[in-house]
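These notes are about the structure you will find just below.
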Amino acid sequence: SNASGAQLAGQVLYERQKALRAQTPFPPAPQIIATHLQVPDNIGSVLRLADAAGSGHVIFISNTEIDEKRIRKTARSCDSLVAWEVYSLEWFLHEQAAFQPLLALEITSQSQNIFSTVLPTRCSFVIGNERHGIPTAILSSCRQALHIPMYGTNGSMNVTHALGIALFEWRRQQSHYK
C-alpha cells in the first residue's frame, strides 16, 4: 500500500472539490487588489489563486491593455470562475472605501510579520507591481503592511507567491476562529 495515495485528477478531483465546498461553510476569502502587474502569467496566477482560496473578486489596477489570451492560459479557466475587473488608479483612489480595510503585502519600514498578525475576517489584500511594489497613493491608504519572513539571501519573492501565502494564512486563521 502507498501511504501517500494516488494523485487525483479530472472528474474525481472535481467531485472531491465539490464535496469539500458543500460540507464546509466558509467565509469568502479577501478581495484582491493587484496594482500595475506587468507579467501576464502573474495576472493569470492571481485569478487562479483567487479561485483556489475562495476569493470572489479581483480588481486589477492598470493603465495599459491586459493580454487576455495569455491570462486565460495561466488562469486555467479561473478567469471565468472569479469576478475580475480592470480599473485605473484614479478610479480606485476614488472608490477605495468599498474595499477597506486594505492590507498591503509589502515590505516596508512598518510592515508586520503576517504569521504573528491576526488578520480580519473581512479585508482586501493589495499586491504591487513586480518591480516597484504598491503605489504610494494606495500604500498610504492601507490599514497596515504585512510581510512574509524570508530566511534566504534574497529579500523578496514573486508577488503571486506572496499572495498565495497570504490568502492561505488568512484561510488558516479563519478556520481556527470558528
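The values are calculated or read from the model by the stated rules, or taken from the named source; none is laboratory data. Everything numeric in this text was worked out from a predicted model, so none of it was measured. No Cβ is skipped: glycine too gets one built from the backbone with ideal geometry, and neighbour counts run over all protein chains shown. The accessibility values were calculated without ligands, DNA or RNA, using every heavy atom of the protein model including side chains. Shrake-Rupley method; radii C 1.70, N 1.55, O 1.52, S 1.80 Å.
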Considering residues of region 110-121 that are open to solvent by 10 Å² or more (accessible area, probe 1.4 Å) and touching a strand residue (DSSP E or B) at 6+ places or on another chain (Cβ under 9 Å) only, the residue farthest from LEU167 (Cα to Cα) = GLN110
Would you mind telling me which numbered condition in (1) outside any helix (DSSP H, G or I); (2) touching a residue at least 12 places away in the same chain (Cβ under 8 Å) SER175 fails?
-> (1)
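Table: residues versus (1) over 18 Å from the mean Cα position of the chain (by Cα); (2) under 17 Å from ASN113 (Cβ atoms).
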| site | (1), (2) |
| --- | --- |
| ARG131 | no, no |
| ALA137 | yes, no |
| GLY152 | yes, yes |
| SER156 | no, yes |
| TRP170 | no, yes |
From the option list ALA75, ALA53, single residue qualifying as open to solvent by less than 40 Å² (accessible area, probe 1.4 Å), touching a residue at least 60 places away in the same chain (Cβ under 8 Å) and of a type in the set (A, V, I, L, M, F, W, C) is ALA53
Being in a loop (DSSP other than H, G, I, E, B) and either farther than 18 Å from CYS142 by Cβ or among the small types (Gly, Ala, Ser) (or both) is the filter here, so list the residues in region 119-128 that pass it.
-> GLY128
The one condition VAL82 fails out of (1) more than 22 Å from ALA52 (Cβ to Cβ); (2) in contact with a His (Cβ under 8 Å, 6 or more places away or on another chain) is (1)
Pick from region 122-143, criterion out of contact with any Pro (no Cβ under 6 Å at 6 or more places or on another chain) and surrounded by fewer than 15 Cβ atoms within 10 Å (Cβ to Cβ), ranking: nearest to HIS57 (Cα to Cα) = ARG122
Can you pull out the residues in region 78-90 that are among the hydrophobic types (A, V, I, L, M, F, W, C) and either farther than 18 Å from ILE33 by Cα or open to solvent by less than 80 Å² (accessible area, probe 1.4 Å) (or both)?
-> CYS78, VAL82, ALA83, TRP84, VAL86, LEU89
